1. Under a 5 Å amide H to amide H cut-off, with H placed in plane at 1.01 Å, what residues pair with B:Met39 once short-range neighbours are removed?
2. Hey, what number do you get for chain B at 222 nm if only DSSP H runs of n ≥ 4 count, each worth -39500 (n - 2.57), divided across all residues, to the nearest 500?
3. To the nearest 0.05, what FRET efficiency results for A:Asp49 and A:Lys125 with a Förster distance of 30 Å applied to their C-beta separation?
4. Given the Cα-Cα distance of A:Asp19 and A:Glu161 and 0.36 nm per residue of separation, how much length would full extension add, in nm?
5. From the backbone phi of segment B:152-160, what are the Karplus-calculated ³J(HN,Hα) couplings (6.51 cos²θ - 1.76 cosθ + 1.60, θ = phi - 60°) in whole Hz, Gly and Pro given as x?
6. Under a crude label model (7 Å from the Cα following the beta-carbon direction), how far is A:Val136 from B:Phe71 in nanometres?
7. As an exercise, identify the trypsin sites (Lys or Arg not before Pro) in segment B:91-173 lying in DSSP coil whose Cβ has no more than 13 other Cβ atoms within 10 Å.
8. Under the rule of at least 5 residues apart or a separate chain, name every residue whose amide H is placed under 5 Å from the amide H of B:Val173.
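Where a number appears in this text, it was derived from the coordinates with a stated rule and is not lab data. In this text the structure is predicted, and so the values were computed from the model without any measurement. Cβ placement follows ideal geometry from the backbone for every residue including glycine, while neighbour counts extend to all protein chains displayed.
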Protein chains: 2
Amino acid sequence: MKYCSHCSATVELIIPEGDSLLRYVCTTCKVIHYQNPKMVVGCIPEWEDKILLCRRAIEPRLGWWTLPAGFMENNETLEQAAARETLEEANARVEIGDLYAVYSLPHISQVYILFRARLLDLDFKPGIESLEVKLVSEHEIPWEEMAFRVIHDPLKQYFKERSQGKLGFHMGVIDKPSSSS
Amino acid sequence: MKYCSHCSATVELIIPEGDSLLRYVCTTCKVIHYQNPKMVVGCIPEWEDKILLCRRAIEPRLGWWTLPAGFMENNETLEQAAARETLEEANARVEIGDLYAVYSLPHISQVYILFRARLLDLDFKPGIESLEVKLVSEHEIPWEEMAFRVIHDPLKQYFKERSQGKLGFHMGVIDKPSSSS
Ligand SMILES: [Zn+2]
Ligand SMILES: [Zn+2]
C-alpha cells in the first residue's frame with residue numbers, strides 16, 4: 001500500500017496513538033488503513049464412501065488436487081461461502097453439514113474453515129478454476145499431489161476418524177511456510 | 001474506496017472479466033481491490049461459576065457490556081487473537097480452551113469466533129477500551145445491557161447448557177441489522 005484509498009495522498013507505516021502495531025496511515029486525511037486476515041471457506045462433499053476433489057486450473061499449485069474452497073465474500077454466511085465455492089469450482093450442489101476443521105495459517109494471515117457436506121447429485125463438472133473434478137474413495141486420493149497442507153492434513157484426519165466411526169471437529173495451526181502450505 | 005492504493009489513480013466499481021461480483025478496479029494499473037469479511041475473535045473467561053465481562057469505553061455501544069473480543073490481526077492464530085484481546089481489554093491472562101461459537105453476521109460482513117477460556121488469576125483491571133471489568137455469576141449478568149446480540153445469544157446458550165451439564169459448540173447466523181446486532 002502506497003496511497004490512501006480515500007484521498008489519494010501517500011500513506012506512511014506508523015504505530016498510531018493508543019495502538020501497538022504498525023498501520024498504514026494517511027499523511028493527509030489521517031485515516032488508518034487496517035489490514036486483517038482473510039477466511040478461506042470450503043467443504044468435503046460426501047457421496048456414499050467417496051468425496052469430491054478438484055484439480056486446480058489456477059496458480060498457486062496449478063494441476064494439484066484440492067477440496068472446493070475459496071475466499072469468503074462480503075455479505076454471505078460461512079455456509080453460503082462453502083456452497084458457493086463448491087458450485088463455482090465443481091458445478092456441484094451440496095447441503096452444508098457440520099463444521100469439520102478450522103485452521104489458522106498465521107504466516108499468510110488466513111483462516112481455513114472446512115465443513116462436511118452432502119453432495120446432492122452427480123451432475124458435477126469442472127468450473128473455470130478446475131481442470132478436473134472427481135469422486136474418489138480413500139484409496140484413490142492422490143495424497144502426494146494435494147495442493148496444500150491445510151487440505152491434506154484435515155483430510156487425513158477425516159479418513160482416519162471415519163474408519164473409527166467417529167467424526168469430530170478439529171482446530172489446527174499451520175505456521176511454517178512449506179512446499180505445500 | 002475512491003483511489004487505487006497502488007498507484008493513486010481513481011477506481012471504478014465493475015464486474016471484472018470472469019468474475020460475478022462488483023469489485024473496485026483501478027482505471028490505470030487495473031489492480032482489483034478485493035474486500036472480504038473480517039473476523040472478530042474473543043472468549044468466555046471462566047473462573048469457578050463466574051465469567052468475566054467488560055463494559056465498553058468505546059463506541060459503538062459505549063457503556064454496554066460485552067465479552068473480551070476484537071478484530072483478528074495479521075500473523076496471529078485464532079487462539080492468540082482471543083488471548084490478546086482479553087489482555088488488552090481486561091488486562092487478564094487466559095488459557096484458551098475449546099471453540100464455543102461461530103456466528104456469521106453477513107449484513108456487516110463479520111464472522112464472530114468465541115472460545116471458552118480459563119482465567120489464570122484475578123489480577124485483572126480495565127484496559128483502555130473498557131470502563132469496567134468484572135466477574136459475574138449467571139444471575140448477575142446484565143442481560144438487558146449486553147452490547148451485541150452476537151454476545152448475548154451465545155452467552156444465553158452457554159448458561160443454559162452449563163445448567164444441563166453439557167457444553168457443546170454452536171454455529172449461528174445473525175442477519176438482521178437490529179438495535180443490538
Ligand atoms: Zn487519505
Ligand atoms: Zn492503480
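1. So B:Met39 has HN proximity to B:Met72, B:Val111.
2. The helix contribution divided over chain B gives -5000 deg cm²/dmol.
3. Calculated transfer efficiency: 0.85.
4. Result for the pair: 46.7 nm of gain on full extension.
5. Computed from phi, the couplings for segment B:152-160 are 4, 5, x, 5, 4, 4, 4, 6, 4 Hz.
6. Each label point is offset 7 Å from its Cα along the Cβ direction, giving 3.9 nm.
7. Loop-located and lightly packed - B:Lys166.
8. Result for B:Val173 returns B:Ser104.
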